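This report concerns only the one structure given below.
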Amino acid sequence: MLQKHGVEAAAARHSMTCETVPVDSSGMIDPDLLAKLLSDDVLCVAAMAVNNEIGTIQEVACISAACERVGAHFVCDAVQAPLALDMDVARDGMATLSLSSHKLYGPKGIGTLYVRRDLQGGIEPQIHGGQQQSGLRAGTLPVPLCTGCAAAAEILLSSEAREERSRVAGLRDRFEAGLAGLGADVRYNGRSARRHPGNSNVAFVGRDGRHLLQPQVAASSGSACASGIMEPSHVLRAIGLAGEDADSSTRFSFGRFTAEGDVEFALQSIRQTLAEEAGKDGCERQRTGQSQRPVKFWSRYTTLITSRSRSTPSKIPDRLVTNRKSSVPIR
């Protein structure tokens, strides 16, 4: 469930075959099934460490071990991972690992790519011209973005990181417990697997998830990467959801600046929306004598529970790393 279209396009450009590894109902890759699909003619296996829609955390060490047995390279999309788990490229056996600054609360427009030393000579540049970054990417480096990304990584690797994960997971769990008390029939996509602490993908059974998207609470029916695609999420389809089950699913995200009051405010807003829907449905049934089916409407929104008052972000360290030739360290 990586950027599937991008992987397929790259494979087609180099006349290679691309096969999709199925996942279970929680979005997990079965390591035994993966091992059966691998052979010595497989170049690489690309997988997300943490899914961006339902939050599933993969067993990256198992995937890496399966790849190593047949000599394949493990290409890891770890964009969602830093706020969810500790990673170590040597321990976990990644051939490459990619990160995005804005997922670390750093500036948008910059990312980090780790490439194992023995593979660096075989990477084909995507932008040609200058010899910046060892000839891998031509162009003058944006120093403010590099500095901001490094500063964000330093904050993330501080002693407070694990405490912050626990706090965010507590807010997510409090939100889900609150939903259970609203009287609506809800199910949680990916809940049976280990999840990103800030992810809650909720299916409001029999309801259109769009109706919960409002100015007070920002949620999403898919990923920002799929904005403008008017069809069900490929992630939800991969875990076996279709039709109304996919229509009813909404992703709520919790993060560094989400407070307990935001969770209560979100629950109250959802409670009010559900009550208003119930009243409208009752009046309509009385008028027509039949039940109403939810209207299908695909939407893509920013996935943050918005705060009525923004917290002050952590202070950026006075000492900033202004020149890093290697990738940001991953732990």
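Things to note:
- Yes/no for residue 34 being closer than 29 Å to residue 199 by Cα, among the aliphatic types (A, V, I, L, M) and out of contact with any Asp or Glu (no Cβ under 6 Å at 6 or more places or on another chain): yes
- Selected residue (criterion: modelled with the highest pLDDT) from residues of region 1-58 that are part of a strand (DSSP E or B) and of a type outside the set (A, V, I, L, M): 56
- Residue tally, condition of a type in the set (Lys, Arg), over 24 Å from residue 255 (Cα atoms) and part of a helix (DSSP H, G or I), over region 101-133: 1
- Taking the criterion of being in contact (Cβ under 8 Å) with a residue 12 or more places away in the chain, part of a helix (DSSP H, G or I) and more than 19 Å from the chain's Cα centre (by Cα), the residues of region 134-174 that qualify are 134, 143, 144, 145, 146, 147, 148, 150, 151, 154, 155, 174.
- Selected residue [modelled with pLDDT under 90 and outside the structural domain of residue 254 (by TED's automatic domain parsing)] from 121, 206, 183: 121
- Count of region 79-93 residues, restricted to those that are over 14 Å from residue 161 (Cβ atoms) and in a loop (DSSP other than H, G, I, E, B), is 4.
- Filter pass, residue 107 being under 22 Å from the mean Cα position of the chain (by Cα), under 25 Å from residue 233 (Cα atoms), touching a residue at least 12 places away in the same chain (Cβ under 8 Å) and surrounded by fewer than 18 Cβ atoms within 10 Å (Cβ to Cβ): no
- Entirely in region 209-296, the helices (runs of 4 or more DSSP H) that have 3 or more residues that are surrounded by fewer than 17 Cβ atoms within 10 Å (Cβ to Cβ) and either modelled with pLDDT under 90 or among the charged types (D, E, K, R) (or both): 260-288
- When residues of region 9-30 are limited to those that are exposed (fewer than 15 other Cβ atoms within 10 Å of the Cβ) and touching a residue at least 24 places away in the same chain (Cβ under 8 Å), the one farthest from residue 200 (Cα to Cα): 16
- Qualifying residue in region 83-91 (condition: surrounded by 15 or more Cβ atoms within 10 Å (Cβ to Cβ), closer than 27 Å to residue 125 by Cα and not aromatic (Phe, Trp, Tyr)): yes
The values are calculated or read from the model by the stated rules, or taken from the named source; none is laboratory data. Treat the numbers as computed from the prediction; the structure is a model and nothing was measured. Cβ coordinates were reconstructed from backbone atoms using ideal geometry, including for glycine residues, and neighbour counts include every protein chain displayed.
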